[in-house]
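The values are calculated or read from the model by the stated rules, or taken from the named source; none is laboratory data. Nothing here was measured: the structure is a model prediction, and the numbers come from that model. Using ideal geometry, Cβ is built from the backbone for each residue, glycine included, and neighbour counts are taken over all protein chains shown. These accessible areas exclude ligands, DNA and RNA; they are computed on the full protein's heavy atoms, side chains included. Shrake-Rupley method; radii C 1.70, N 1.55, O 1.52, S 1.80 Å.
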Amino acid sequence: MTSPTATSLANRLLVALPSLHDPNFARSVTLLCQHDGDGAMGVVVNRVSEYTLGEVFRQMGIASDDEALQARVVLAGGPVHPERGFVIHDGDGEWDSSLEIGDGLRLTTSRDVLEAMARGEGPAQATVALGCAGWGSGQLEQELVEDSWLMVPVREQVLFELPLPQRWQAAAGSIGVDLVNFAGQSG
């Protein structure tokens with residue numbers, strides 16, 4: 001994976017506006033991880049999957065004695081590659097396949113980060129998701145023009161600390177937007 005370019009929109013949160021009715025993204029918050037001339041890739045950070053981290057560990061043959069870690073929910077990161085794991089994390093750990101998103105935030109897709117987490121040696125803050133979101137060349141830019149998304153700065157609290165149901169409003173609120181009072185369409 002490569003680092004984002006200077007003109008990249010990566011390292012921002014995309015907050016679905018009420019006018020976005022696609023069931024994959026309605027009321028979603030997506031960390032935009034990569035953006036370039038070929039398109040964009042992100043991970044939805046406020047949708048729960050049907051799995052816990054313990055179930056993922058068992059399916060991958062990874063042992064862990066940490067019951068709290070095993071009980072953590074795994075997110076539904078998006079409709080693309082729903083079988084593939086994505087770990088959003090902080091820190092400078094050296095993992096086999098990592099993308100620097102920006103400001104100390106990384107996305108890792110390799111098994112070694114999960115193994116380190118299971119041993120208690122992983123990143124201090126991490127969110128695990130299955131699947132991602134993808135946009136073709138120019139598609140995200142068009143959706144931004146159509147007012148489908150609100151783009152806001154990344155807040156670690158939104159990624160790692162807030163309960164999932166609070167993330168949508170909190171992300172928009174970080175720039176003073178109250179989505180509860182936001183019109184579903186313009187006229």
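Some observations on this one:
- Only listed residue being out of contact with any Leu (no Cβ under 9 Å at 6 or more places or on another chain), of a type in the set (Ser, Thr, Tyr) and farther than 19 Å from Gln142 by Cβ, chosen from Ser110, Ser64: Ser110
- Per the conditions (1) assigned to a loop (DSSP other than H, G, I, E, B); (2) touching a residue at least 40 places away in the same chain (Cβ under 8 Å); (3) in contact with an Asp or Glu (Cβ under 8 Å, 6 or more places away or on another chain), the sole criterion not satisfied by Ala172 is (1).
- Where Val43 falls short, out of the listed (1) open to solvent by less than 20 Å² (accessible area, probe 1.4 Å); (2) not in a strand (DSSP E or B): (2)
- Set Asp66, Asp103: member being of a type in the set (D, E, K, R) and closer than 25 Å to Met151 by Cβ: Asp103
- If you go through the stretch 79-95 and keep only what is over 18 Å from Gly131 (Cα atoms) and open to solvent by 70 Å² or more (accessible area, probe 1.4 Å), you end up with Asp92, Glu94.
- Within the stretch 107-126, considering residues that are over 11 Å from Phe86 (Cβ atoms) and part of a loop (DSSP other than H, G, I, E, B), the one most open to solvent (accessible area, probe 1.4 Å): Glu121
- Matching residues, the stretch 138-159, being of a type outside the set (A, V, I, L, M), surrounded by fewer than 16 Cβ atoms within 10 Å (Cβ to Cβ) and under 20 Å from the mean Cα position of the chain (by Cα): Gln139, Glu141, Pro153, Glu156, Gln157
- Number of residues in the stretch 79-106 that are of a type in the set (D, E, K, R) and assigned to a loop (DSSP other than H, G, I, E, B) equals 4.
- Condition met for Val158 (in contact (Cβ under 8 Å) with a residue 60 or more places away in the chain, assigned to a helix (DSSP H, G or I) and β-branched (Val, Ile, Thr)): yes
- Considered as a group, the residues in the stretch 47-78 that are polar (S, T, N, Q) and assigned to a helix (DSSP H, G or I) include one that is surrounded by the most Cβ atoms within 10 Å (Cβ to Cβ), and that residue is Gln70.
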